[in-house]
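Visitor: Before we start, here is the structure in question, set down as structure tokens.
Just so it is clear, none of the values below were taken in a lab; they were calculated from the coordinates. Predicted, not measured: the structure shown is a model, and the values here were computed from it. We place every Cβ from the backbone using ideal geometry, glycine too, and count neighbours over all the protein chains shown.
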Amino acid sequence: MKSTLSRRSFFALPALGALAQRMKVPYGLELYSVRDQMKADVPRVLREVARMGYEVVEFYAVYFDYTAEQAKELRKVMDDVGLRCTSTHNAGKFLEPENLNRTIELNQILGSRHIIQASAGKITSLDGWRRVADRLNEVADTLRPHGLRTGFHNHPLEFQPLEGRLPMDVLGESTAKEVILQLDAGAALAAGADPVAFIRRFPGRVASIHVKDYSPEPGKGFRVLLGEGAVDWKALFEAAETVGGVEYYFIEQEGSEYPSMETAERCLAALRKLRG
């Protein structure tokens, strides 16, 4: 059978592949990055974040203290400036049965679809991590009818060997595929792990990534701006967008030599440049 692929179409294929790799992935800010400003005036922070050019935000655990009316007011602010909340970070207790209905309600008001457990504390056995996985599966079952997903966010701890295994691998292997493995790239690197290899090990599971850099140089650590550390961002973006299933990139900073809002703006500019 004669091929119907034209010469022009053949030479267009590499360009189409490059275009696919540069697919639309919204740039977001984990609001913990500007927690000092959040304590003073949350609506002002949201307006300023939108002005910088951020498209989405991830609220950290402070949101759980909002009343439904306060959450509605913040949703209106976001709607007015074209900003979306797509994810929240949650203490483990927010996912317990006695609190989960409230967590669902507040996430629905804010517009969030991803309810991510931010930490499980200091767990000292793999059986303990398997229990965390069991709970995430239970939460996933509860959230599914609401169109919501749960997930887990790593710190360096989850990429440090325990009983010969990495806890983050155990979580990935022991949870349903719909449970998000939210990757903090800098934290993984700080623990000596390869964040790109992790993405490839769990295809389709890394729906969101904390775009945070890390430098092993003394005195720097997580205080470097995006692009000034040791993360291989080119390889990470390629893996995230071809096999990882990434939906959002969230910039997160634990602090830098600049004020928090300026840090957030500088990192957004760096993300645009790094990703091209």
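Visitor: Which residue, of VAL211, VAL243, is within 15 Å of GLY186 (Cα to Cα) and of a type in the set (Val, Ile, Thr)?
Guide: The conditions single out VAL211.
Yes/no per residue for (1) surrounded by fewer than 17 Cβ atoms within 10 Å (Cβ to Cβ); (2) not in a helix (DSSP H, G or I):
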position: LEU74; (1), (2): no, no
position: ASP79; (1), (2): yes, no
position: THR86; (1), (2): no, yes
position: SER112; (1), (2): no, yes
position: LYS122; (1), (2): yes, yes
position: TRP129; (1), (2): no, no
position: ALA140; (1), (2): no, no
position: PHE152; (1), (2): no, yes
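A quick yes/no check of all residues on (1) surrounded by 16 or more Cβ atoms within 10 Å (Cβ to Cβ); (2) touching a residue at least 24 places away in the same chain (Cβ under 8 Å); (3) of a type outside the set (A, V, I, L, M):
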{"position": "LEU225", "(1), (2), (3)": "yes, yes, no"}
{"position": "GLY229", "(1), (2), (3)": "yes, yes, yes"}
{"position": "ALA235", "(1), (2), (3)": "no, yes, no"}
{"position": "VAL246", "(1), (2), (3)": "yes, yes, no"}
{"position": "PHE250", "(1), (2), (3)": "yes, yes, yes"}
{"position": "GLN253", "(1), (2), (3)": "yes, yes, yes"}
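Visitor: Then there's this: With the condition kept exactly as written, say whether any residue in segment 127-144 is farther than 22 Å from ASP169 by Cβ and acidic (Asp, Glu).
Guide: yes
Visitor: When you look at GLU48, is it of a type in the set (D, E, K, R), touching a residue at least 24 places away in the same chain (Cβ under 8 Å) and outside any helix (DSSP H, G or I), yes or no?
Guide: So GLU48 does not fit the description; no.
Visitor: Looking for whichever is crowded, with 20+ Cβ neighbours inside 10 Å, under 26 Å from ASN137 (Cα atoms) and within 13 Å of the chain's Cα centre (by Cα) here; the options are LEU181, LEU166. Which one fits?
Guide: LEU181
Visitor: Could you list, ordered by first residue, the pairs with Cβ atoms under 9 Å in which the first is in segment 73-97 and under 18 Å from LYS122 (Cα atoms) and the second is among the charged types (D, E, K, R) and crowded, with 20+ Cβ neighbours inside 10 Å, at least 6 apart or interchain?
Guide: HIS89/GLU30; HIS89/GLU58
Visitor: Scan segment 121-154 for residues that are closer than 22 Å to ASN101 by Cβ, of a type in the set (A, V, I, L, M, F, W, C) and in contact with a Lys or Arg (Cβ under 8 Å, 6 or more places away or on another chain) and jot them down.
Guide: Selection gives ALA140, LEU143, LEU148.
Visitor: Suppose we filter segment 51-72 for residues that are in a strand (DSSP E or B) and among the aliphatic types (A, V, I, L, M); how many remain?
Guide: So the answer is 2.
Visitor: Can you tell me how many residues in segment 179-189 are farther than 11 Å from VAL211 by Cα and in contact with a strand residue (DSSP E or B) (Cβ under 7 Å, 6 or more places away or on another chain)?
Guide: 3
Visitor: For segment 103-133, how many residues meet the condition of being farther than 20 Å from LEU29 by Cα, in contact with a helix residue (DSSP H, G or I) (Cβ under 8 Å, 6 or more places away or on another chain) and not small (Gly, Ala, Ser)?
Guide: Total meeting the criteria: 9.
Visitor: If I go through segment 228-268 residue by residue, how many of them are of a type in the set (Lys, Arg) and within 17 Å of GLU30 (Cβ to Cβ)?
Guide: Residues in segment 228-268 being of a type in the set (Lys, Arg) and within 17 Å of GLU30 (Cβ to Cβ): 1 in total.
Visitor: Could you run through segment 262-276 and say how many residues are free of Cβ contacts under 8 Å to residues at least 12 places away in the same chain and either among the charged types (D, E, K, R) or not in a helix (DSSP H, G or I) (or both)?
Guide: Of the residues in that region, 1 qualify.
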